[in-house]
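K.L.:
Structure incoming, see below.
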Amino acid sequence: MEKFDVVVIGGGVVGTAVLRSLSAYNAKILLLEKSSDVASGASRANSGIVHAGYDAEPGTKKAYFNVKGAAMFPALTKALGVPYRMVGSLVAAKEGGLPALQELKARGDANGVKTEIISREEILRLEPNIGPEITYALYAPEAGVVSPYKLTIAQADQAVVNGATIRLEEKVVALQKSKDGFILRTEKGEYTASYVINAAGAGASEVNALIGEYAPMETHGVGDYFILDSKEAGVVNTVVFPLPDEKGKGILVGPTADGNVILGPTSRKVPHERAEENEVTREGLDLVREGVKRLIPAVNLRSVIRVYAGTRTAVGSDFIIEQSARFPHYFMLLGICSPGLTSAPAIGEYVAAAAAEALGLTKKKEFLPLPARFHLNKSSDEEIKQKVAEDPAYGRIVCRCEKVTEGEILDAIRSPLPAHTVDAIKRRVRAGMGRCQGGFCRPRVMEILSRELNVPLSSVRMGDKGSEIAPYEVKEGYEKV
Amino acid sequence: MKKFDVVVIGGGPAGMAAALGAREKGATVAILERDTRLGGILNQCIHNGFGLHYFGEELTGPEYAKRFRDKVLADSGITVYLEAMVLSFNEQKVVRALSPTEGLLEIQAGAICLAMGCRERSAGAIGLLGTRPAGIYTAGMAQRLSNIDGYLVGKEVVILGSGDIGLIMARRMTSEGAKVKLVAEIMPFSSGLKRNIVQCLNDYNIPLRYSTTVTRVTGKQRLTGVYVAPVDEKMQPILEKEEYIPCDTLLLSVGLIPENDLLSGTGVQMAAVTSGAMVDEYRATSVPGVFSAGNVLHVHDLVDNVSEEAFVAGRAAADFAKGVLPCGDTVAVIPSDGVRYALPQRVHPGEGKVKLYFRVDKVYKGRTVVVTSGGKEIKRKKPLVMAPGEMQNIEIEKSLITGEIKIYTEE
């Protein structure tokens with residue numbers, strides 16, 4: 001039985017934020033993730049918005065962590081090499097929507113968020129393609145966009161660089177209090193921990209139930225999205241929301257941090273057993289089309305390169321971020337829905353500090369940075385020349401749409417938290433995320449994985465167990481060309 | 001900086017033929033090919049049926065490619081850069097490429113010939129509904145995995161779309177012991193060749209349903225099945241007639257898109273219908289010195305046509321580089337009444353003949369194709385059958401061109 005000071009359950013953006021912050025302390029720490037990669041739940045497919053913080057009810061945890069988290073993004077993403085842009089956001093209202101905007105602005109003021117109500121003329125300067133019915137908007141210049149999975153992965157990587165352990169494909173199936181801590185059992189092993197942090201996202205209530213903590217009712221939602229070709233990037237500059245309603249922040253149109261355009265999400269309630277469902281529906285896509293038409297009618301839906309659905313889990317109206325009263329060294333993070341991504345870095349610091357205080361942990365002398373990575377499409381000619389001279393793999397383009405080299409893919413495979421599936425590589429370096437959606441590069445990525453992991457191509461997976469891409473060999477008589 | 005009269009971007013069938021065409025005119029030529037060998041997608045097309053028109057015999061894809069490759073490699077006037085991906089080119093015709101051996105490569109071209117081929121439409125592009133499991137592939141991806149890598153993607157297969165690669169893969173997977181349960185085509189006709197429907201589906205009793213589409217897919221890690229439904233006249237699925245087919249594989253053969261990403265910002269005028277450049281009979285684009293041929297220009301049905309077209313472009317590119325390409329005013333070629341597009345889109349009046357390639361919008365039996373210029377009929381032709389999946393052509397005398405050319409069908 002391996003012993004750890006702190007075990008974090010769940011490798012989403014929140015769990016890895018906690019792990020990263022914890023890795024700055026002198027402690028033996030472990031993160032357990034049930035899927036084949038971190039960022040496999042809600043952190044994988046969401047809008048990727050760094051919310052300014054006007055939306056959350058003043059005085060709530062959502063408001064506190066949103067505002068605190070948003071302020072951390074510029075420096076954090078720079079240090080981690082994660083795509084982030086402070087593009088600003090608009091809540092666009094039609095005639096008659098002014099009172100609702102004023103209400104939002106008042107909330108923003110109470111939360112200490114810079115916002116401004118602007119006229120159609122001013123909107124047009126920011127968004128020349130805004131819909132004809134839009135007359136006013138609440139402009140929040142400090143809202144931004146980030147790649148949610150890249151942030152999650154980079155947080156995990158930096159934690160590993162600083163000594164944290166991450167175990168993938170280990171779902172916690174038993175959790176109990178022991179004399180001096182906790183015993184955790186997964187499908188693969190058993191661990192002891194002095195402190196346990198439940199950041200299991202859609203599974204957090206279930207994890208609570210394992211130990212006998214209260215397991216609140218969760219509401220699970222699914223949202224459908226479109227991603228447009230990067231050639232459409234100019235159609236929208238800021239993140240444009242409609243007025244929020246009881247269902248949430250509504251269907252937005254915005255740029256992604258990686259240079260595409262995102263449309264969505266819808267908000268469909270699903271029962272708990274379908275909490276991790278990622279089914280895209282006809283009704284959902286129709287709703288997105290409708291919503292988008294009102295905001296930015298110029299959006300070209302013929303340039304869609306991907307449709308997908310993301311999940312989110314809420315518990316009541318606010319985040320549950322608290323140390324258990326029954327089990328003093330057990331920390332619960334439940335219902336971290338929007339603005340969870342924005343809040344994650346601040347939640348990470350807060351929870352790590354709570355664990356450190358409880359265990360009397362001291363900070364390490366040095367918190368190691370994440371080494372910078374080479375990305376062809378972000379490099380100057382000089383950098384490219386030098387890199388290819390060092391290693392020709394950086395001159396071999398594998399993903400032609402996104403211009404990703406073999407060298408970058410090898411870096412992903414050899415990361416602190418190694419990528420060992422096609423999807424894990426896709427999320428790290430964007431191979432397969434372009435307009436051909438892996439039509440050309442997927443077999444090549446599979447070949448590289450097969451070679452590097454020294455496994456037959458037939459066992460190369462897209463993601464989790466059972467997702468082998470080409471599971472059978474062709475008949476005998478085949479010779480390698 | 002290295003200099004060549006003609007720089008050919010892409011070393012597939014179009015690129016190789018363009019290079020050889022340019023060599024006929026004595027030009028120095030560079031081919032920039034992103035793969036590890038010349039031949040392009042032909043290398044994974046191990047079935048036969050290539051070269052019937054061009055060589056008068058039936059070859060496999062690799063054999064067809066080899067005939068050109070051998071000529072290219074034997075020609076000391078052609079420099080081949082492999083694993084060289086072109087990143088951009090500019091108005092001065094400086095081509096920038098990246099390769100593992102050369103690093104960042106800049107080449108001054110006298111003329112550029114685009115021969116980048118096409119890509120397959122993806123599940124995302126058609127907005128495929130349902131879950132996102134493994135088991136969904138474009139037909140060409142599955143073809144590469146089986147024919148280059150030696151691995152089969154699945155055992156129980158549904159194919160959406162009846163493009164040629166899908167039809168070929170239906171037969172290929174059947175021969176590997178897989179069961180192809182259905183080919184569903186949303187249109188009331190196939191976009192593939194008649195001979196492929198006969199030889200790849202009918203001969204193996206594989207059902208093909210027209211006006212039918214896949215409405216959604218199921219499965220968490222691996223595909224477990226697809227729903228199919230007939231569509232109405234507006235292409236909308238009739239959901240009451242949805243039917244579930246258990247399967248572990250969905251192949252998509254739903255269209256090919258010319259890979260013209262390099263052209264964004266170059267000023268090359270594009271044609272909406274073909275997604276390729278607008279060209280004249282020399283395959284010259286609207287930017288002087290930039291030529292286009294093969295599937296990057298418009299999606300072809302037969303590689304033989306690709307080769308023929310690319311020879312034209314290659315010769316013209318060499319002439320341009322030497323300053324001897326005929327220029328002057330052109331007249332537009334306007335398709336209508338059943339002709340979906342015609343290529344070239346512009347023609348120079350003058351001497352000699354020019355072949356107009358065109359595709360029709362649905363299956364026509366015994367319908368006449370008419371070409372007029374300046375309001376006067378200059379050619380007519382009555383093929384037995386014309387289908388959207390098969391490219392047609394009609395040759396006209398350039399001396400008869402007196403004004404705008406119209407090409408259309410009539411009863």
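We did not get these values from a lab; they are worked out from the coordinates using the rules stated. As the structure is a computational prediction, the values presented were derived from the model and not from experiment. Backbone-built Cβ (ideal geometry, glycine too); neighbour counts: all protein chains shown.
K.L.:
Taking the highest mean first, how do the peptides B:177-185, A:368-376 order by number of other beta carbon atoms within 10 angstrom per residue?
P.N.:
B:177-185, A:368-376
K.L.:
Nearest-5 percent of antiparallel DSSP beta bridges in chain B?
P.N.:
In chain B, DSSP labels about 60 percent of beta bridges as antiparallel.
K.L.:
Then there's this: Which shape class, rounded, prolate or oblate, goes with region A:311-430 when its Cα gyration tensor gives a ≥ b ≥ c as root eigenvalues, a/c under 1.5 marks rounded, and past that a/b bigger than b/c marks prolate?
P.N.:
prolate
K.L.:
Less than 20 Å from a label point 7 Å out along the Cα-to-Cβ axis of B:LYS3: which backbone N atoms in region B:23-63 qualify, by residue?
P.N.:
Answer for this model: B:23, B:25-32.
K.L.:
Would you mind classifying chain A by shape? Square roots of the alpha carbon gyration tensor eigenvalues, ordered a ≥ b ≥ c; an a/c under 1.5 is rounded, otherwise it is prolate if a/b is larger than b/c and oblate if not.
P.N.:
oblate
K.L.:
Label the protein assembly as shown by shape, choosing from rounded, prolate and oblate, from the square roots a ≥ b ≥ c of the eigenvalues of the Cα gyration tensor; if a/c is under 1.5 it is rounded, and otherwise prolate applies when a/b is larger than b/c, oblate when it is not.
P.N.:
Verdict is prolate for the protein assembly as shown.
K.L.:
If you find the alpha carbon centre of region A:149-179 and of region A:408-481, how far apart are they in angstrom?
P.N.:
Cα centroid of region A:149-179 versus Cα centroid of region A:408-481: 24 Å apart.
K.L.:
Suppose only helical runs count, i.e. DSSP H with n ≥ 4. What mean residue ellipticity at 222 nm does that imply for chain B under -39500 (n - 2.57) per run, divided by all residues and rounded to the nearest 500 deg cm²/dmol?
P.N.:
-5000 deg cm²/dmol
K.L.:
Shielding of A:109-116 by partners, i.e. mean partner chain Cβ atoms within 10 Å per residue?
P.N.:
Per residue, the number of nearby Cβ atoms from other chains is 0 on average.
K.L.:
Please work out the C-alpha center-to-center distance from region B:1-38 to region B:325-379 and express it in whole Å.
P.N.:
So the two Cα centres are separated by 29 Å.
K.L.:
Set Lys and Arg Cβ to +1 and Asp and Glu Cβ to -1, take the dipole of the protein assembly as shown about its Cα centre, and tell me which of B:LEU250, A:ALA42, B:VAL331 lies farthest positive.
P.N.:
About the Cα centre, the residue reaching furthest to the positive side is B:LEU250.
K.L.:
For the protein assembly as shown, give the share of DSSP beta bridges that are antiparallel, in percent and rounded to the nearest 5; count only bridges with both residues there.
P.N.:
65
K.L.:
Determine Rg/Rh for region A:376-459; Rg is computed over alpha-carbon atoms and Rh is the Kirkwood hydrodynamic estimate from the same atoms.
P.N.:
The Rg/Rh ratio comes out at 0.96.
K.L.:
Restricting to DSSP loop positions (anything but H, G, I, E, B) with no more than 16 other Cβ atoms inside 10 Å of their own Cβ, which trypsin sites (Lys or Arg not before Pro) remain in region A:17-65?
P.N.:
A:LYS28
K.L.:
In region A:314-366, which GluC sites (Glu not before Pro) fall in coil by DSSP and have 14 or fewer other Cβ atoms within 10 Å?
P.N.:
When the GluC sites (Glu not before Pro) of region A:314-366 are filtered for loop state and at most 14 Cβ neighbours within 10 Å, A:GLU366 remain.
K.L.:
No other cysteine beta carbon under 4.7 Å away is the test; run it over chain A and list who passes.
P.N.:
Result for chain A is A:CYS337, A:CYS401, A:CYS436, no neighbouring Cys Cβ within the cutoff.
K.L.:
Once you have the Cα-Cα distance between B:ARG67 and B:GLU395, take 0.36 nm times their residue separation minus that, and quote the gain in nm to one decimal.
P.N.:
115.3 nm
K.L.:
In region B:225-240, which residues have a backbone nitrogen under 19 Å from the label point lying 7 Å from B:TYR210's Cα in the Cα-to-Cβ direction?
P.N.:
So the set is B:229-238.
K.L.:
Compute, for region A:376-459, the length of the dipole vector about the Cα centre, with Cβ point charges of +1 (Lys, Arg) and -1 (Asp, Glu) only. Units Debye, rounded to 20.
P.N.:
So the magnitude is around 360 debye.
K.L.:
Mean separation of Cα pairs under 8 Å and 6+ residues apart, divided by the residue count of region B:122-254: what relative contact order is that in percent?
P.N.:
Result for region B:122-254 is 33 percent.
K.L.:
Using 0.36 nm times the number of residues separating A:GLU190 and A:GLU452, minus their current alpha carbon distance, what extension gain do you get?
P.N.:
Net length gain for the segment: 91.4 nm.
K.L.:
How high is the relative contact order of chain A, given as a whole-number percent (alpha carbon pairs under 8 Å, six or more residues apart)?
P.N.:
20
K.L.:
Next question. Hey, what do the phi angles of region B:389-398 turn into as Karplus ³J(HN,Hα) couplings, whole Hz, using 6.51/-1.76/1.60 and θ = phi - 60°, x for Gly and Pro?
P.N.:
For region B:389-398, the Karplus-derived couplings read x, 10, 6, 9, 8, 8, 9, 10, 7, 5 Hz, x marking Gly and Pro.
K.L.:
Relative contact order of region B:328-411: what whole-number percent is it, with Cα pairs under 8 angstrom and at least 6 residues apart?
P.N.:
39
K.L.:
I've got another one for you. Nearest 5 percent is fine: what portion of the DSSP beta bridges confined to chain A is antiparallel?
P.N.:
The antiparallel proportion sits near 75 percent.
K.L.:
For A:GLU206 and A:GLU473 in one chain, what is 0.36 nm times their gap in residues minus the Cα-Cα distance, to one decimal in nm?
P.N.:
Length gained between A:GLU206 and A:GLU473: 92.1 nm.
K.L.:
Test of understanding: ordering B:THR36, A:THR192 by Cβ neighbours within 10 Å, fewest first, what list do you get?
P.N.:
The order, fewest Cβ neighbours first, is B:THR36, A:THR192.
K.L.:
Using DSSP to define loop residues, name the GluC sites (Glu not before Pro) in region A:143-245 whose beta-carbon has at most 15 other beta-carbon atoms within 10 Å.
P.N.:
A:GLU169, A:GLU187
K.L.:
Calculate, for A:GLU383 and A:ALA79, the FRET efficiency according to 1/(1 + (r/R0)^6) with r their C-beta to C-beta distance and R0 22 Å; round to the nearest 0.05.
P.N.:
Efficiency, from the Cβ-Cβ distance: 0.70.
K.L.:
Another question, if that's okay. What is the spread of the Cα atoms of region B:328-411 along each of their three principal axes, largest first, in whole Å?
P.N.:
Largest first, region B:328-411 extends 37, 19, 19 Å along its Cα principal axes.
K.L.:
When the Karplus curve 6.51 cos²θ - 1.76 cosθ + 1.60 is applied with θ = phi - 60°, which whole-Hz ³J(HN,Hα) does each residue of region B:299-304 get, with x for Gly and Pro?
P.N.:
Ordered by residue, 3J(HN,Hα) equals 6, 8, 8, 10, 5, 4 Hz.
K.L.:
Using the crude model of +1 on Lys and Arg Cβ and -1 on Asp and Glu Cβ, and no other charge, please compute the dipole size for the protein assembly as shown relative to its Cα centre, in debye to 20.
P.N.:
Approximately 360 debye in magnitude.
K.L.:
Continuing with this model, one more query. Which of B:VAL228, B:GLY163, B:LEU239 sits closest to the plus end of the dipole of region B:122-254, meaning its Cα is farthest towards the positive end, when Lys and Arg get +1 and Asp and Glu get -1 on the C-beta?
P.N.:
Sorting the options by dipole projection puts first B:GLY163.
K.L.:
Quick check: pseudo-label points 7 Å beyond the Cα along Cα→Cβ at A:GLU121 and A:GLU169, how many nm apart are they?
P.N.:
6.3
K.L.:
Still on this structure, I have one more. Could you let me know the centre-to-centre spacing of region B:124-145 and region B:385-411, using Cα atoms, in angstrom?
P.N.:
If you average the Cα positions of each part, the centres end up 37 Å apart.
K.L.:
Continuing with the same structure: Give the average, rounded to an integer, of partner chain Cβ atoms located within 10 angstrom of each Cβ in B:134-144.
P.N.:
Rounded to a whole number, the mean comes out at 5.
K.L.:
What's the FRET efficiency of B:GLU243 with A:ALA372 using the Cβ-Cβ distance as r and R₀ = 51 Å, to the nearest 0.05?
P.N.:
0.45
K.L.:
Once whole DSSP H runs in chain A are found, which of them have Cα atoms spread over 18 Å or more along the helix axis and a mean Kyte-Doolittle score of at least -1.0?
P.N.:
Helices passing the filter in chain A: A:61-80, A:98-111, A:148-161, A:282-295, A:340-359.
K.L.:
Still on this structure: Across peptide B:212-223, how many C-beta atoms of other chains are within 10 Å of each residue C-beta, on average?
P.N.:
The per-residue average across the peptide is 3.
K.L.:
Mind checking the dipole of chain A: about its Cα centre, +1 per Lys or Arg Cβ, -1 per Asp or Glu Cβ, Debye to the nearest 20?
P.N.:
The dipole magnitude comes to about 480 debye.
K.L.:
So if we plug the beta-carbon distance of A:ASN300 and A:LYS179 into 1/(1 + (r/R0)^6) with R0 = 41 Å, what FRET efficiency do we get, rounded to 0.05?
P.N.:
Efficiency for this residue pair is about 0.05.
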